[in-house]
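Peer 1: Right, I'll just put the structure down here and ask away after.
The values are calculated or read from the model by the stated rules, or taken from the named source; none is laboratory data. Just so it is clear, the model here is predicted, and its values are computed rather than measured. Note: ideal-geometry Cβ built from the backbone for every residue, glycine included; neighbour counts use all protein chains shown. When the accessible area is computed, the model is the full protein with side chains, heavy atoms only, and any ligands, DNA or RNA have been set aside. Shrake-Rupley method; radii C 1.70, N 1.55, O 1.52, S 1.80 Å.
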Amino acid sequence: MRAIFLIALREYAENAKTKGFWIGLFLFPVIIFASIFVQKALEESTPTRHFILVDQSGLYGTSIREDIAKTYRSDVARALGEYVQDHGVNSVEQHLPDPEKLSADLLDGRMAKAESVMGPEMDAMFTPAVIEVMLTKMATASGGLVEDRPPFEMPKARFQEVSLPIEYDADLPIDELAKILRPYLKGEKTITHDGEQIQLFAAALLPRDIQESIDRPGMAGLLKMAADQESARKAEADGEAIARKGGQFWAANLADADLKSRIQRSINNELHHTELVLRGLDADAVAEVNETSLSLSSLDPKKDEGKEEVSMADKIRQWAPVGFVYLLWIGIFTISQMLLNNTVEEKSNRIIEVLLSSVTAAELMLGKLAGIAGIGITMIGVWMGSLITILKLSSGPEAEIPNVLLDVLLGSGLIYWFVLYFCLGYLLYAGIFLAIGSLCNTIKDAQNMMGPIMVIMMVPLITMMFIPKDPNGTLATILSWIPLYTPFTMMNRAAADPPMFDKIGTLVLLVCFTFFTLLMVGKVFRAGILRTGQPPKFRELLTWIKS
């Protein structure tokens, strides 16, 4: 027993000294911190997207510009809500809604309702002067803003329209305008705006005959589509350029499609309004009908009577195991790979021979398993501790999601299942990796033998998003009873309260299979650890196991 402890201590110390261990140890907290705090900073650092809008039809330009203005007003309202939340006294903080909820409501409903009532007057309300007057009055009110607050800063606009360079005529054919603007869109030229040279992000060009390109339902739409396809085939057969019809959106950055989506939405909203008027329908009445809704309450029959309402915590609790499964997979694979590399390296350096002169093969194997297990437990412990710490630091009355995540982590019991399945999953896979390491003299040989194991280990990643949707279905049940997948699948089913037979039965099967695997690994390890040359054939390996 003392020999096993000393080997485990040596393995732990040797691996704890490596750069990879410390990088892996602190990489997860950095990722969690970045996902919570840095993401918002990155969004704020996104530059203003400058674009040119040419609407020769005169039908959609006003609607597009008003929609862009609404977007900025929503951004100002969100920033103002966060400012009041951060710099208000307790009574204000308790009565203000969560800024995240506030922004969603503004974008989805509250601002739209205010716009419909006030119309153009909304622009005047969101000027710096009016906002400063409002904040001053709020500060002097009872239970208002703190006195030493910093000044409110207006957020920068996400989108800003710029004028077409004065040397060009907006009435030129659309294709010619697109050709003229290409150098600006490619960054080869800049445009002067408010006395500054800026780079053009996009150009939206709407021709005079844009109405001829409307896609309509029914037979008329099908006939138009067929005619367009025939025209395109004829042009391609004649070696001619296919004529572009309808509006054009030019942008070199294909990843940021937010501006295009907003312009497309504005055009379609205006088109729908026009179509309603042409058909003799009251567009405002139709809009009111479209905004009329009836919501369905989500209720969980498994909850106590009177508490059946499904909350955000319930939804997060349902999907939280997916994160644990991914973390479980990363942890098991990382430390098992570490064990494999150490074994191969020590075998190739003949260190194994020195160790075996003092201890038995079984003691060496168990010591290695225990030592790397300590590394894994340390790593997982730091990861979980850092996650809880970061959530506690970011929690508070204004941060609902971190609060819910923290409650789910500490109150759902998922952590206990995670620790249990991590230990059993580690012993199972680490034993397999250790056997592979004992058979190989080089990392290259080990990688060749790792192929089938990697295929097996990919299944939990492929299925981890599907199992929560049907946690007690056929796929989940079958995978739960396959010991190689039991730790991942049962971890994924933990929040769905699987049948007790599955919980106990799969756990017993996993323990027995892990014990049997370690016995077989011990035989392979004892026979292969001092072996040199090529890895053994499959038949020879079976002989070792049967012996």
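Peer 1: Go through segment 480-494 and give me each residue that's open to solvent by less than 20 Å² (accessible area, probe 1.4 Å) and small (Gly, Ala, Ser).
Peer 2: 480
Peer 1: When you go through (1) under 23 Å from residue 442 (Cα atoms); (2) of a type in the set (Phe, Trp, Tyr); (3) in contact (Cβ under 8 Å) with a residue 40 or more places away in the chain one by one for residue 538, which number turns out not to apply?
Peer 2: Unmet condition: (3).
Peer 1: A follow-up question, please. Condition first: among the hydrophobic types (A, V, I, L, M, F, W, C) and surrounded by fewer than 16 Cβ atoms within 10 Å (Cβ to Cβ). Now tell me which residues in segment 522-541 satisfy that.
Peer 2: 530, 538
Peer 1: Looking at segment 156-168, I want the residues that are open to solvent by 80 Å² or more (accessible area, probe 1.4 Å) and have a partner that is assigned to a loop (DSSP other than H, G, I, E, B) and of a type in the set (A, V, I, L, M, F, W, C) with Cβ atoms under 8 Å, at least 6 apart or on another chain. Which pairs are those?
Peer 2: No pair meets every condition.
Peer 1: Right, next: Among the residues of segment 491-508, which ones are at pLDDT 90 or above, in contact with a helix residue (DSSP H, G or I) (Cβ under 7 Å, 6 or more places away or on another chain) and either farther than 18 Å from residue 423 by Cβ or not polar (S, T, N, Q) (or both)?
Peer 2: 502
Peer 1: If you don't mind, another one. Just a yes or no: is a residue in segment 46-53 exposed (fewer than 14 other Cβ atoms within 10 Å of the Cβ) and modelled with pLDDT under 80?
Peer 2: yes
Peer 1: Return yes when residue 519 is open to solvent by 40 Å² or more (accessible area, probe 1.4 Å), under 22 Å from residue 336 (Cα atoms) and outside any helix (DSSP H, G or I) and no when it is not.
Peer 2: No: the conditions fail for residue 519.
Yes/no per residue for (1) at pLDDT 85 or above; (2) open to solvent by less than 40 Å² (accessible area, probe 1.4 Å):
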{"position": "270", "(1), (2)": "yes, no"}
{"position": "273", "(1), (2)": "yes, no"}
{"position": "296", "(1), (2)": "no, no"}
{"position": "311", "(1), (2)": "no, no"}
{"position": "326", "(1), (2)": "no, no"}
{"position": "331", "(1), (2)": "no, yes"}
{"position": "336", "(1), (2)": "no, yes"}
{"position": "340", "(1), (2)": "no, yes"}
{"position": "348", "(1), (2)": "no, no"}
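Peer 1: In this structure, is residue 427 under 16 Å from residue 510 (Cβ atoms), over 29 Å from the mean Cα position of the chain (by Cα) and modelled with pLDDT of 85 or more?
Peer 2: For residue 427, the condition - under 16 Å from residue 510 (Cβ atoms), over 29 Å from the mean Cα position of the chain (by Cα) and modelled with pLDDT of 85 or more - is met.
Peer 1: Kindly list, by first and then second residue, each pair from a residue in segment 345-368 that is within 21 Å of residue 427 (Cα to Cα) and among the polar types (S, T, N, Q) to a residue that is open to solvent by 50 Å² or more (accessible area, probe 1.4 Å) and assigned to a helix (DSSP H, G or I), limited to pairs with Cβ atoms under 9 Å and residues at least 6 apart or on different chains.
Peer 2: 360/526
Peer 1: Could you list all residues from segment 453-470 that are closer than 18 Å to residue 417 by Cα and either among the hydrophobic types (A, V, I, L, M, F, W, C) or open to solvent by 20 Å² or more (accessible area, probe 1.4 Å) (or both)?
Peer 2: 464, 467
Peer 1: Still on this structure: For residue 401, are the conditions met, namely being at pLDDT below 80 and either surrounded by fewer than 21 Cβ atoms within 10 Å (Cβ to Cβ) or touching a Phe, Trp or Tyr at 6+ places or on another chain (Cβ under 9 Å) (or both)?
Peer 2: yes
Peer 1: Right, another one. Out of everything in segment 183-213 that is in a loop (DSSP other than H, G, I, E, B), over 23 Å from residue 268 (Cβ atoms) and touching a residue at least 24 places away in the same chain (Cβ under 8 Å), what residue ends up being least open to solvent (accessible area, probe 1.4 Å)?
Peer 2: Residue satisfying both the conditions and the ranking: 200.
Peer 1: Based on this model, can you work out whether residue 437 counts as open to solvent by less than 30 Å² (accessible area, probe 1.4 Å) and modelled with pLDDT under 85?
Peer 2: For residue 437, the condition - open to solvent by less than 30 Å² (accessible area, probe 1.4 Å) and modelled with pLDDT under 85 - is met.
Peer 1: Let me ask something additional. Which one is most open to solvent (accessible area, probe 1.4 Å) among residues in segment 355-365 that are modelled with pLDDT of 80 or more and more than 20 Å from residue 517 (Cα to Cα)?
Peer 2: Per the stated criteria, the residue is 358.
Peer 1: Now, a different point. If we only count helices (runs of 4 or more DSSP H) wholly inside segment 71-182, which ones have 1 or more residues that are at pLDDT below 65?
Peer 2: Helices (runs of 4 or more DSSP H) meeting the threshold: 90-95, 99-105, 111-118, 121-125.
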